[in-house]
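Everything below concerns the one structure shown next.
The values are calculated or read from the model by the stated rules, or taken from the named source; none is laboratory data. These numbers come from a predicted model, not from an experiment. All Cβ positions, glycine included, derive from the backbone under ideal geometry; neighbour counts span all protein chains shown. With ligands, DNA and RNA removed, areas are computed over all heavy atoms of the protein, side chains included. Shrake-Rupley method; radii C 1.70, N 1.55, O 1.52, S 1.80 Å.
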Amino acid sequence: MYDVQSIRNDFPILGSTVNNHPLVYFDNAATTQKPQAVIDAIVEAYSRTNSNIHRGIHTLSQISTTQYEQARKTVQTFINAPSDREIIFTKGVTESLNLVAQTFGEAFLHEGDEVIVSAMEHHSNLVPWQIVCARHKATLRFIPFNKAGVLDVEAYKNLFTEKTKFVSVVHISNTLGTVNPIQTLIDIAHSHNVPIMIDGAQSIQHCPIDVQKLDCDFFAFSGHKVYAPTGIGVLWGKEKWLEKLPPYQGGGDMIETVTLEKTTYNTLPFKFEAGTTNYVGAHALGVALRYIMNLGIENIQRHESELMAYATQKLQEIPQVTIIGNAPEKAGAISFEVAGAHPADLGMILDKQGIAIRTGTHCTEPIMQFYGVPGTARMSFGLYNTMEEIDYAARIIARVATMFE
Amino acid sequence: MSINEIQDEIIEEFSLFDDWMDKYQYLIDLSKNLPIIDEKYKQENYLIKGCQSQVWLFAEEKDGKVFFTADSDAIITKGIISLLIRVMSGQTPQDILDCDLHFIEAIGLKENLSPTRSNGLLSMIKQMKIYALAFKTQEK
């Protein structure tokens, strides 16, 4: 049984009060809170085992290295990657996406080539491609979506030409909550022999990910959105692609031999891990992923889909509320507007009642332009949220809505 | 009334509310009193950009006193601006330059002035003072 009350006890911050109200944390799409096990892992690492990883002959360095490499294996298990050589630690999904955009661009993009992304990308999967396409004189093309927030798969099929070199698509929209049909998108890309990357920033924490079953070429996510600390993220890529890509940054640990004239590069995954990595963060990410495996990602998914359905229903009952994004399959986040109120108005008042939501453009300005709104209010859920919290927030939102009539 | 007398008046009005909801309701009501900027000035030159909401501000001088008009796309921001204008509109440039807006903290809105709030209010106050300085310089 999924005992949310006892799970909440694992997260110390959830017991706190904000502006004299118990904290209701509905900003999980921005970042998640950390269980005690993760906090302890960080404290323990810096208190007892801290030492730089790799090549250290002494005991602490070997403990640190073992923890780091064990975390890599945990990530491998979590996303069912075929090999831990394919797991690259980065500082977050933004770096993972930039790494692929930059290195793939350098190796494979030429004048006139085309890259496909969706029109609902987070800026982190849009701007890197704008930069790279401009640099290599390539063209960026967009999969459109409709008012419900659903990608147009037929239009996607028609975007492919012999010039298409890469596809990069968000799995779950951080703004609309839309779960995109990535299996279909992957299969279509492969039918044109085009590699595809999935931005899993908003899916890794909400649903099971099996990169072998998906058969995508790259999958990227951030640790801090999956109950791990900030400053650690993952890029998984198929070995055949990672071998073909040039190094991203030069420095220590990514080399095999160095002379003043020439350097040969280390093998995977180290080729992409220049300098001292966030090894404590990686270790803590491993702990976070094991915490999730312990609860069972399927159980979390079931609980969160109940939260999503209930919150959607409660918001729909408020006449002044309009939900933005009504895809048949949604996860994690609900964007909405309150008639007569600016999202910032709503966020300010809810904050005074202890409710943390996010307001603004959610780093997806093109989505705001599409709907013609200055921003939205967004509620996003995590494994520890409850129906009672939704009841409380809905009650406050209903009351606030009448203030703006 | 002097700037400080108006500030005291506002502090007294807000002392009636002990609930934040009531305070915000009052700010929403006050937003309706805002002297709205002329549509022709509602453009880039008069825009003070915040991260979440936008504010337009215009000022003119009549008989040695400064008069402000403004607008915002966020209602509560509008309410707070209407308080700022109530305090500073109709005052001399020198008084505006010299004033210390202690009422903001006294009525519990200080956090709205933190730079991280990015609602443009801090820049708005700065802009009001810049207008005052400009008018003062013209006088000489």
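Miscellaneous remarks
- Principal axis box of the protein assembly as shown, alpha-carbon based, largest edge first, Å: 77, 56, 53
- For region A:81-148, the fraction of 1.4 Å probe accessible surface lying on carbon and sulfur atoms is 53 percent.
- Inter-chain Cβ neighbour count for B:22-30, averaged per residue, equals 3 (cutoff 10 Å, partner chain atoms only).
- For region A:39-294, the percent of C-alpha pairs falling in each 5 Å distance bin, counted from 0 to the bin holding the largest distance, reads 1, 6, 13, 17, 19, 16, 12, 8, 5, 2, 1, 0.
- The calculated pair-distance distribution of region A:207-253 uses every alpha carbon pair, bins of 5 angstrom beginning at 0, and gives 5, 16, 20, 22, 20, 13, 4, 0 percent.
- Take region A:39-294 with all the other protein chains still there, run a 1.4 Å probe, and you get 40 Å² of accessible area per residue.
- Using the rule -39500 (n - 2.57) for each DSSP H run of four or more residues, divided by the residues of chain A, the 222 nm mean residue ellipticity is -12000 deg cm²/dmol.
- Rounded D (µm²/s) - region B:3-138, Kirkwood Rh over Cα pairs, Stokes-Einstein at 25 °C, 0.890 mPa s: 163
- Ranking B:L97, B:L57 by solvent-accessible area of protein heavy atoms (1.4 Å probe, all protein chains present), from largest to smallest, gives B:L97, B:L57.
- Computed with a 1.4 angstrom probe on protein heavy atoms, the B-A interface buries about 1500 square angstrom of accessible area in total.
- Helices in chain B that qualify as membrane-span-like (whole DSSP H runs, Cα extent of at least 24 Å along the helix axis, mean Kyte-Doolittle hydropathy of -0.5 or higher) are B:121-139.
- Residues in region B:52-76 that, when all protein chains are in place, have 50 Å² or more less accessible area than the chain alone would give (probe 1.4 Å): B:Q52, B:I75, B:I76
- For region A:337-401, size of Cβ-based charge dipole, Lys and Arg +1, Asp and Glu -1, in debye: 60
- For chain A: relative contact order, % (alpha-carbon pairs under 8 angstrom, 6 or more apart): 23
- Stretch gain in nm, segment B:K49-B:L122, where the contour uses 0.36 nm per residue and the Cα spacing is subtracted: 25.2 nm
- Atom-type composition of the exposed protein surface of region A:186-343 places 50 percent of the accessible area on carbon and sulfur (1.4 angstrom probe).
- Shape call, region A:168-254: gyration tensor on alpha carbons, a/c limit 1.5: oblate
- Heavy-atom accessible surface of chain B: percent carbon and sulfur, 1.4 Å: 49
- Residues of region B:3-138: accessible area per residue with a 1.4 Å probe, Å²: 48
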